[in-house]
Structures are given as C-alpha cells and as structure tokens.
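What follows is one structure encoded as structure tokens, with my remarks underneath.
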Amino acid sequence: MSLFPPRPSAGTQQSPKPQPQPQPRQATPLVSGDDLQRSRQLVDRIRTRFAKNLVGQEGLREAMIATLVASGHILIESVPGLAKTTAAQTLATSVSGSFKRVQCTPDLMPSDLVGTQVYDFSNQRFSTQLGPIHANLVLLDEINRSNAKTQSAMLEAMAEGATTIGGQRIALPQPFMVIATQNPIEEEGTYNLPEAQMDRFMLKAVMTYPDKDQETRMLQLLTSRGTDMPLADEQGRLTIADVEFLRRSARRVHVAEPIMQYAVDLVATSRGSGPKPIQGLSSKVRLGASPRASIALIRIGQAQALISGRDFVVPEDLKGFAHQVLRHRILLTFEAMADGISSDDIIDTILETVPVP
C-alpha cells in the first residue's frame, strides 16, 4: 500500500480548494454629535469643581482631565507648596468612585500598598486584605520617597491593571488611574523612579509658581472658603459610568493617517532618526522616547479632541501635549545636563524640526 496519494491523470483536473474570503474590516463608529455635547458637559462639571478649589494652573487641570479621559496615569512634579495634592484631590473628588491617598515613605512596603494575606484563627484559613491601590483613583504622594521594591509593585498595578497577593492575581477596579506627585529638589530619603516606571506615566506635568494676581486670588479663595481643604461637595460629581463613557468616546475619535505619521515622526526624531534628523542630537540625548510615547500622543490627542468638541484629531492636539508626553521619556547625556540643557529644550527643537501635516 502506497503512502503517497496517486497522481491525477493528464485528462483529470483537480478542483481548486476554496480560499477563505477576507472578512470586511469593521469600521469603528465615530463619535456622534450628542456624545460630543454630553462629553463637553461632563468635562465642564470637572472644571467647575477645579474653579472652586484651585486658582490658576489651567494647564495642569487640562492635563489631568485629558489623562483621565485617555485612560492613563499622570506624574506631577513641582517644589513644595504649589498645591499638587490639592489638584489631585480635586480631580478625585470630581468622580464618585473610590479614592485612596498613599503617603509614600522609605519604609513603605509592597504589602502596605497592594495588600496581604491574614490568617484567620476562627476558620483556620487565610483571608486577603486588599491595600489602598485597589481604588478607582489613587494618589501616590511623593512617589520618589518609596523604595525600589514598592515601586515595582506600583509598576505592576499601573502596567497590568492587577496586583498579585499570595500568588493570587486580583484585578483592580475600573476605571483605574494613578496620580503621583514628586518633589524635584528633595535628595535625602528619595529614590529615583526607574525608566520603566516613568514610561508608564502617560504625562508628566510640571507646576510653576503662580503670578502675583493668582496668588492674591488664592488667598481670597481660602479666606472666603474658611478651610484649606478642598470642598467635598457631592453635587456635580461624575459617576463611574460617566468616566467610562468619556473613555469609550475618546477611543472612537478619528485619527487620520497623517496624524499618526506625525506622532511617529516626533518620537523617531527624539531617537536621532525621523524625516529630518537633528544634527548633534546624539551628544545631548542618551536615550530617546519609546513607542509607548507615540501611543500616548495619539491617546491624549483623541482625549483632547473630544474635550474640545471635535470627532477628529488635529496636529495641535499632539503639539499641545508633546512636552508632557516626551519630557520624562528622553534621557539626556551628562554633557547636556552640564550645559544646562533640559529635555524641554530638546522637545522645542523637535517641534520646530518635524514638519506639521
């Protein structure tokens, strides 16, 4: 018995095997006019709450709102006393979901953050006690004071949306957002964030000192309000369903091919390539932005377009957040730091060099 099938005769024709037909690509439905109007109304409610608790810092406010809509995490950096914590608490109290605040210290352990297993003598079984990271919005105050082991637990939560306790994987509640703050001038008792964890933050916002008028209005607000704490008014708060609606709507905002190419060119130029490579960049930049930066540019561009009442992304949506997306993803050489060059200076050159579609 032959192990090979018989060859067909010359006069016999084999019928060709049917080829699988390609399935038509399902187009993502665009945002409707009603969705755009509802999105603007929801965002205006958050802005109204910010106006009651924070003076100035419009750039930080818009960055936090856009990050919330884009399903990302944000790192806020400033010297002490510029209301980093107040801004984070204001955003958190704008949503009716759960909120936890963690004051990071050098002795903070991973179990203090994610939770642990406790032995119950009554039933002789271990029970899982969830930590404060299991909340919809989590404020990690002075994140650079936590040690490397605790930061690795934070990284898992931010990257995977889950934690591991006693070998058991536990999903975090959705929506989930981390708002972290750090002080750039503190050195004693601090640990630099690893590049992998810095890359997990969609944006890095830098707060600056208020001007004279803003500082005066801040004092007027505090004296008229009678308390230094943000107001915890229940009216006007967004529900979890509202946040989920904003995030779904942002993902449906149209991104044209030239906009995607523009995001890729911006990130590629930071690595020394791109359509117009910058001469001498290798002597200033040790490591450019990763592909996660181009993803962040598109996601934040979609969120900004939705907030602005548009169902499509324009180059200005990307340019407006380019510094906050790229500044913590570009590592400078020692020569550049010695010359007083900052990552924002490099980003300015990139925006001037890369042609806008």
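Annotations
- Exactly one residue out of GLY301, GLY320 is of a type outside the set (S, T, N, Q) and in contact (Cβ under 8 Å) with a residue 40 or more places away in the chain, and it is GLY301.
- The numbered conditions (1) surrounded by 12 or more Cβ atoms within 10 Å (Cβ to Cβ); (2) at pLDDT below 80; (3) in a helix (DSSP H, G or I) are all true for PRO230 except (3).
- Sole exception among (1) in a loop (DSSP other than H, G, I, E, B); (2) open to solvent by less than 70 Å² (accessible area, probe 1.4 Å); (3) at pLDDT 80 or above for GLN174, by number: (2)
- Enumeration of residues in segment 56-66 that are open to solvent by 30 Å² or more (accessible area, probe 1.4 Å) and out of contact with any strand residue (DSSP E or B) (no Cβ under 8 Å at 6 or more places or on another chain): GLN57, GLU58, ARG61, GLU62
- Screening ARG49 with (1) open to solvent by 50 Å² or more (accessible area, probe 1.4 Å); (2) touching a Gly at 6+ places or on another chain (Cβ under 8 Å) gives one miss only, at (1).
- Within segment 260-357, helices (runs of 4 or more DSSP H) holding 3 or more residues that are farther than 30 Å from ARG47 by Cβ: 334-338, 343-353
- Residue ID - modelled with the lowest pLDDT, chosen from residues in segment 21-73 that are under 24 Å from ALA180 (Cα atoms) and of a type in the set (S, T, N, Q): GLN57
- Out of ALA205, ALA250, sole residue that is closer than 29 Å to LEU30 by Cα and either outside any helix (DSSP H, G or I) or at pLDDT 85 or above (or both): ALA250
- Residue match in segment 150-169 (condition: in contact (Cβ under 8 Å) with a residue 24 or more places away in the chain, in a strand (DSSP E or B) and open to solvent by 10 Å² or more (accessible area, probe 1.4 Å)): yes
- Residue match in segment 210-226 (condition: surrounded by 12 or more Cβ atoms within 10 Å (Cβ to Cβ) and polar (S, T, N, Q)): yes
- Being in contact (Cβ under 8 Å) with a residue 40 or more places away in the chain and open to solvent by 60 Å² or more (accessible area, probe 1.4 Å) holds for only one residue in ARG237, ARG251, ARG310, ARG247, and it is ARG251.
- Residue selected from segment 67-117 under the condition outside any loop (DSSP other than H, G, I, E, B) and charged (D, E, K, R), by the criterion surrounded by the most Cβ atoms within 10 Å (Cβ to Cβ): LYS84
- Qualifying position, being surrounded by fewer than 24 Cβ atoms within 10 Å (Cβ to Cβ) and over 19 Å from the mean Cα position of the chain (by Cα), among ILE346, ILE298: ILE346
- Among the numbered conditions (1) modelled with pLDDT under 85; (2) assigned to a strand (DSSP E or B), the only one that GLU186 does not meet is (2).
- Qualifying residue in segment 134-147 (condition: under 27 Å from GLU244 (Cα atoms), open to solvent by 10 Å² or more (accessible area, probe 1.4 Å) and in contact with a Gly (Cβ under 6 Å, 6 or more places away or on another chain)): yes
- Residues that are closer than 26 Å to THR239 by Cα and small (Gly, Ala, Ser), drawn from segment 85-114: ALA87, ALA88, ALA92, SER94, SER96, GLY97, SER98
- Breaking point among (1) over 24 Å from HIS254 (Cα atoms); (2) outside any loop (DSSP other than H, G, I, E, B), for LEU42: (1)
The values are calculated or read from the model by the stated rules, or taken from the named source; none is laboratory data. Bear in mind that the values here come from a model prediction, so they are computed numbers and not experimental data. Don't worry about glycine lacking a Cβ; one is built from the backbone with ideal geometry, like all the others, and counts go over all protein chains shown. Please note that ligands, DNA and RNA were not included when accessible areas were found on the heavy atoms of the full protein model with its side chains. Shrake-Rupley method; radii C 1.70, N 1.55, O 1.52, S 1.80 Å.
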